[in-house]
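The structure appears right after this line, and notes come after that.
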Amino acid sequence: MPRRRHGAWVCLVLLCCTSLLRAAVAAYCYSNAQKVADLFSSKSPYAKLRGNMTKKDLVPESCHPVQLWHLVRHGSRYPSEKDIRTFMDILPELKARINSCTGCGKLCPSDKKLLHFWFSNLNESLAQTLAPEGAYQQEEISSKFLNLFPEILPDNFATEDYKFRYTATQRTKESAMAYARGAFGSHAKDIHMPEPVDPDPLLQFDNVCSKYLAEVERNVTSRLEERLFWLGSQMHEVVSRVAERTGVFFTPVEVQIMYDACRYYTAWEPETLSAWCSVFTKSDLMVLEYWQDLKYYYKSGYGHPINYEQACRLVQDLVRTFRKRVEEGKGPRGVFYFTHLGAYLKLMARLGMFWDNTTLTHENIKARRLWRTSIVGPFSANVAFLLSRCADDRWYVGMAVNERRAKLPGCRGDMGCTWEEFLALLGQYEDCDFDAICENDPPVVPKDHDGLGGSAGTPSTLLLVAVLQPLLRLLNRES
């Protein structure tokens, strides 16, 4: 083919692709589109993602459940005080710029209407607190477990049958209270909930792990892939498409503010369309989701070994809790922990869940990846382990993630693990030397700590914690 004709064909193909892309941008209408709430990463609403497990999913025939270990992320919350101020100050200005652009942009009439009638209903007193939807999520979760496993949550019980523990934050405390209401109704007030440890070396182990704080949390190079993706071509295309849809140019930071508003408002009211989602196409949200996945992959997932190595504290607690019931017939019927996203995701990685056989990088979006924080770690994300006793004195461990049946990598059965398989996979973490892993000096966990109590550490540790408190509070803002 002559060189000129070949060049003409290339130009024609590019022109067609550009026209199709613009047509897609123009045709997309968020108000009429299929659901997109499963693309909001850690701010996804639980109601749109929860599973529909049955008792048969976790308990084999001829078995009956005897003990439940349940780790739960707090429900939907309000942003930090800084982010609330941003929403209150910046979003009305962005709305005015969009509405003043008469006759420009590609927003459909219903999407324009959403933005026109949006108003801010936030105030700074709500910062970091549990939203009403978040409390409702927790009640729904425990009600589901109550209905499926009445042996664990019977009508008649003693307070010592259950162990509750939450961190020193309003959102985890209120999540625990809501969970108790869903499980025990009017008897929830009789459940003993001890005062939280601050910081909690079990439920906030990543806040007292020196190696993690130095190598990941405070190390700007540890999440380089996330930053490179943010600066890359796909994110630039998102910013350009938002400008094309709205008819207004926005900076990348302003696009991020609208993205956060889109996610938070959906999390607070899952059945209501969020006005700020209308500026994005579904493709945009998929790109933004991957950006968030990279963030948590390197901050709390498989990106750095220390992320998951330190999570052996929770695995140790799980195994020792079940072993005590199997070997001694002792221990509570239910252990309920209420924590934050970081600890939850690190535990998932320690268990080998949602592992991709290739590393996530900024270079391209891995569409069929398992590490999708929208699915793994929405608000109220939870992992439950159910210990059952079977005929012939056999024991069985079922597992559910976000109320969907799950299976530990390495278990041969379709439903879960035999007790022998469970110990073979996780028994090694009974000897978790947290302070050695984290290179803590002084140690955080006393040597005689059995993994089942609530000890806060040695006097020297408490002094160190007091010095670190301002930093720890800062780290908690994102969870």
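Tallying residues that are in a helix (DSSP H, G or I) and open to solvent by 30 Å² or more (accessible area, probe 1.4 Å) within the range 113-126 yields 7. Somewhere in the range 135-153, is a residue surrounded by 14 or more Cβ atoms within 10 Å (Cβ to Cβ) and farther than 27 Å from residue 322 by Cβ? Scanning the range 135-153 turns up at least one residue that is surrounded by 14 or more Cβ atoms within 10 Å (Cβ to Cβ) and farther than 27 Å from residue 322 by Cβ. The set of residues from the range 156-173 being in contact with a strand residue (DSSP E or B) (Cβ under 8 Å, 6 or more places away or on another chain) and in contact (Cβ under 8 Å) with a residue 60 or more places away in the chain comprises 161, 162, 163, 164, 165, 166, 167, 171, 172, 173. Annotation note: Cβ proximity below 8 Å between a residue of the range 382-400 that is on the phi < 0 side of the Ramachandran plot and a residue that is surrounded by fewer than 16 Cβ atoms within 10 Å (Cβ to Cβ) and polar (S, T, N, Q) (sequence gap 6+ or interchain) occurs for 390/62; 391/62. Of all the numbered requirements in (1) open to solvent by 20 Å² or more (accessible area, probe 1.4 Å); (2) part of a helix (DSSP H, G or I); (3) modelled with pLDDT of 95 or more, residue 163 misses one, and that requirement is (2). When residue 319 is tested against (1) closer than 28 Å to residue 120 by Cα; (2) out of contact with any Lys or Arg (no Cβ under 8 Å at 6 or more places or on another chain); (3) touching a residue at least 24 places away in the same chain (Cβ under 8 Å); (4) in a helix (DSSP H, G or I), exactly one condition is not met: (1). Within the range 368-380, the set of residues being over 27 Å from residue 319 (Cβ atoms) and without any contact (Cβ under 8 Å) to a residue 24 or more places away in the chain comprises just one member, 368.
So that you can scan it fast, the table gives a plain yes or no per residue for (1) within 17 Å of the chain's Cα centre (by Cα); (2) farther than 18 Å from residue 372 by Cα; (3) open to solvent by 10 Å² or more (accessible area, probe 1.4 Å):
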site: 250; (1), (2), (3): no, yes, no
site: 255; (1), (2), (3): no, yes, no
site: 290; (1), (2), (3): yes, no, no
site: 314; (1), (2), (3): yes, yes, no
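Yes or no, residue by residue, for (1) outside any helix (DSSP H, G or I); (2) of a type in the set (A, V, I, L, M, F, W, C); (3) over 30 Å from residue 297 (Cα atoms); (4) open to solvent by less than 10 Å² (accessible area, probe 1.4 Å):
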| site | (1), (2), (3), (4) |
| --- | --- |
| 53 | yes, yes, no, yes |
| 57 | no, no, no, no |
| 64 | yes, no, yes, no |
| 82 | no, no, no, no |
| 91 | no, yes, no, yes |
| 95 | no, no, yes, no |
| 105 | yes, no, yes, no |
| 128 | yes, no, no, no |
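Pairs are defined by a Cβ separation below 7 Å, a sequence spacing of at least 6 or placement on different chains, a first member in the range 424-445 that is farther than 13 Å from residue 320 by Cβ, and a second member that is open to solvent by less than 60 Å² (accessible area, probe 1.4 Å) and among the acidic types (Asp, Glu); the pairs so defined are 443/435; 444/435; 445/435. Consider residue 179 against the criteria (1) among the aromatic types (Phe, Trp, Tyr); (2) part of a helix (DSSP H, G or I); (3) surrounded by fewer than 18 Cβ atoms within 10 Å (Cβ to Cβ): it satisfies all of them except one. Which criterion is unmet? Result: residue 179 fails condition (3) only. When 93, 140, 124 are screened for being touching a helix residue (DSSP H, G or I) at 6+ places or on another chain (Cβ under 6 Å), acidic (Asp, Glu) and closer than 22 Å to residue 263 by Cβ, only 124 passes.
For the range 384-409, the set of residues classified as open to solvent by 70 Å² or more (accessible area, probe 1.4 Å) and either aliphatic (A, V, I, L, M) or within 14 Å of residue 56 (Cβ to Cβ) (or both) consists of 404, 405, listed by residue number. Here the condition is being within 24 Å of residue 437 (Cα to Cα) and surrounded by fewer than 18 Cβ atoms within 10 Å (Cβ to Cβ); of 195, 237, 215, it holds for 215 alone.
The values are calculated or read from the model by the stated rules, or taken from the named source; none is laboratory data. Note that the structure is a prediction, hence the values are computed from the model and not measured. So basically every Cβ, Gly included, is an ideal-geometry build from the backbone, and we count neighbours across all protein chains shown. What goes into the accessible areas is simple: the full protein's heavy atoms, side chains included, and nothing from ligands, DNA or RNA. Shrake-Rupley method; radii C 1.70, N 1.55, O 1.52, S 1.80 Å.
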